[in-house]
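One structure is given here, and the rest of the page talks about it.
The values are calculated or read from the model by the stated rules, or taken from the named source; none is laboratory data. The shown structure was predicted, so the numbers you read here are calculated from the model rather than taken from an experiment. Neighbour counts are summed over all protein chains in view; Cβ atoms, including those assigned to glycine, are modelled from backbone coordinates with ideal geometry.
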Amino acid sequence: MKIRKAKSRVRTVISCAIALVCAAGVVYSGIRIIAWKIDSDKTIAQTDEINQAASVDEVEDEENVEIIAEEEPKEPNTPYWNYIKMKLIDVDFTELRKINSDVGGWVQVKGTNINYPFAKASNNDFYLTHSFNKSYNSAGWVFSDYRNHVDGTDRNLILYAHGRYDGTLFGTLRNILTSGWLNDQNNFVVRTSNDYENALWQVFSAYKIEVTNDYIQTLFSSDAEFEKFAKMLTDRSAHNFHTTVSATDQILTLSTCYNKTERVVLHAKLIKRLKKDESLL
């Protein structure tokens, strides 16, 4: 009888322990969900503030617009000819700089919700957990690699942001993996603006990959190394964009998390730019 009672007490204790663990798990998950929603609301509020402080204007081409062509002339029916006719965007960063002096530029991706200013810090950690106004936010913000100069001279300008499931920041970069995005060639362009230039980029690679740093490179010892790097990115693409990258090209890279072990990455090459009057900066 005593043995039965002892076993019964053990079972009761185990059941209570399991119940407590489950309850703790539910509470923890609830706290995480609430915290995620709070940070999401902060991000949306920050975006509204930014949109009130600055406007993204499409501008007509001027005589000083530089068209970057491939070494070999493109066929007249390729989408490239439509892309270079697209208007550039221009952003006045005066008011944005009052919010954050770290502002490095603006990025806009066709077929996504990506239409944000990006920051530039002295490391790649700060804006993983801070919003554009530098307040703490686990949603983070869009930022460039700390090794980039964002002055139009980078051979590979790299932009990061969290892939938020609410579609903010780089949450919709995962669109580039869908047939809906890939079936519309008008999506294959990215537009940027900063203090030095307004630029248009043509997508040449898009993919999902296990976490790696092999595409996170900003400096190259030679043109040959750069061409080898660009070929690796092109060959990796999940879609053939029929676009080649030469030794003289410049690349824009967008990278975000797809899940804990995978990343979504987009690469585009510069095809048009308009240098700004640096004397006015």
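Against the definition (aromatic (Phe, Trp, Tyr), touching a helix residue (DSSP H, G or I) at 6+ places or on another chain (Cβ under 6 Å) and surrounded by 15 or more Cβ atoms within 10 Å (Cβ to Cβ)), how does Trp141 come out, yes or no? Yes, satisfied. For the stretch 215-230, residues that are assigned to a helix (DSSP H, G or I) and either of a type outside the set (Lys, Arg) or in contact with a helix residue (DSSP H, G or I) (Cβ under 7 Å, 6 or more places away or on another chain) (or both) total 7.
Here Asp90 does not fit the description of being more than 20 Å from Lys272 (Cβ to Cβ) and among the charged types (D, E, K, R).
If you check Gly140 against the conditions, is it more than 19 Å from Ile216 (Cα to Cα), in contact (Cβ under 8 Å) with a residue 12 or more places away in the chain and touching a Leu at 6+ places or on another chain (Cβ under 6 Å)? Answer is yes for this residue.
Would you check if there is a residue in the stretch 108-120 being assigned to a strand (DSSP E or B) and farther than 24 Å from Lys37 by Cα? Checked against the condition, which is being assigned to a strand (DSSP E or B) and farther than 24 Å from Lys37 by Cα, the stretch 108-120 yields at least one hit. So, Tyr215, is that one at pLDDT below 95, under 27 Å from Asn259 (Cβ atoms) and not acidic (Asp, Glu) or not? No; evaluated as a whole, the condition is false for this residue.
The set of residues from the stretch 225-281 being under 17 Å from the mean Cα position of the chain (by Cα), farther than 12 Å from Phe204 by Cα and of a type in the set (Gly, Ala, Ser) comprises just one member, Ser255. Just wondering, is there one or more residues in the stretch 252-260 that are outside any strand (DSSP E or B) and of a type in the set (A, V, I, L, M)? No, there is no match, as no residue in the stretch 252-260 is outside any strand (DSSP E or B) and of a type in the set (A, V, I, L, M).
Quick grid of which residues meet (1) touching a residue at least 40 places away in the same chain (Cβ under 8 Å); (2) of a type in the set (D, E, K, R); (3) within 21 Å of Leu159 (Cα to Cα):
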residue	(1), (2), (3)
Asn187	yes, no, yes
Arg191	yes, yes, yes
Asn213	no, no, yes
Thr234	no, no, yes
